[in-house]
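Have a look at the structure below before the remarks.
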Amino acid sequence: MYTLSCKDLGAGNCPFVAKDETMDGAVNKMMDHARKSHPDDVEKMRENMSDEEITNTMKSKVRQEAAA
C-alpha cells in the first residue's frame with residue numbers, strides 16, 4: 001500500500017491521507033484532494049513548478065507500507 005499525506009507535503013493541519021495499491025494512484029488521489037480542499041496552495045505551487053515537478057515532488061514523499 002502506498003500512502004501520501006497532506007502532512008508529508010507540509011499541510012500540517014490537514015489529516016487527509018491518500019492510499020492506493022500503486023504510487024501513481026496515491027499521487028492522483030492526493031492531487032484530486034488538493035485541488036478540492038487546497039486550491040490556493042495548488043495555484044501557488046503551479047506558479048513556481050510545472051505539473052511534472054509537482055508530481056515528482058509528491059512521488060518523492062510517497063511512503064510504501066509493508067503488507068500486514
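Here the contact order of the chain, divided by its residue count and restricted to Cα pairs under 8 Å and six or more residues apart, works out to 40 percent.
Return the calculated 222 nm mean residue ellipticity for the chain, to the nearest 500 deg cm²/dmol, obtained by summing -39500 (n - 2.57) across DSSP H runs with n ≥ 4 and dividing by the residue count. Before the final figure, lay out the partial values.
Numbers: 3 runs with 36 residues, N = 68.
Only helices count here, giving -16500 deg cm²/dmol.
Lysine pair count for the range 2-64 (Cα-Cα distance under 19 Å; residues 8 or more apart in sequence or on different chains): 15.
Considering only Cα atoms, the convex hull volume of the chain works out to 77 Å³ per residue.
We did not get these values from a lab; they are worked out from the coordinates using the rules stated. Only a predicted model underlies this, so the values are computations on that prediction, with no experimental measurement involved.
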